[in-house]
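Quick notes on the structure that follows.
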Amino acid sequence: MTTATLIGLVAGSLTTLAWLPQVFRAFRTRSTKDFAWEWFAMFGTGVGAWLIYGFLAAAPAVIAANALTLVLVLALGALKAAHSVRSR
């Protein structure tokens, strides 16, 4: 493993895992009102594009970080959708 790949994996892990407290908090408090649907669309599209780039560039750090980030963002979006339905 190259130094660049190792740094990429550490950086990707830190920025991706930074989402876990937010996902856990949203799940615990059942509140996602501070997240705009536009943000989900923009951020999710960007993460998806980075994931595609990672596959095209054969960059494991980019693939791993963005695949996990996309899962977390989708989980947060699912919580927001569920909370929106329940609050009606």
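Where a number appears in this text, it was derived from the coordinates with a stated rule and is not lab data. This one's a predicted model, so the numbers in the text were calculated from it and none came from an experiment.
Points worth noting:
- Taking every C-alpha pair closer than 8 Å and separated by at least 6 residues, the mean separation divided by the residue count of the chain gives a relative contact order of 43 percent.
- Counting only alpha carbon atoms, the long axis of helix 60-86 and the longest principal axis of the chain meet at about 0°.
- GNM on the chain, alpha-carbon springs under 10 angstrom: the most fluctuating residue among Val62, Val71, Val47 is Val71.
- Estimated from helical segments only, the mean residue ellipticity of the chain at 222 nm is -28000 deg cm²/dmol, where each DSSP H run of four or more residues counts as -39500 (n - 2.57).
- Considering all C-alpha pairs of the chain, those separated by over 14 Å amount to 66%.
- Taking Cα atoms only, the orientation of helix 3-17 departs from the longest principal axis of the chain by about 0 degrees.
- Helix 20-29 axis, angle to the chain major axis (alpha carbon atoms, nearest 10°): 10 degrees
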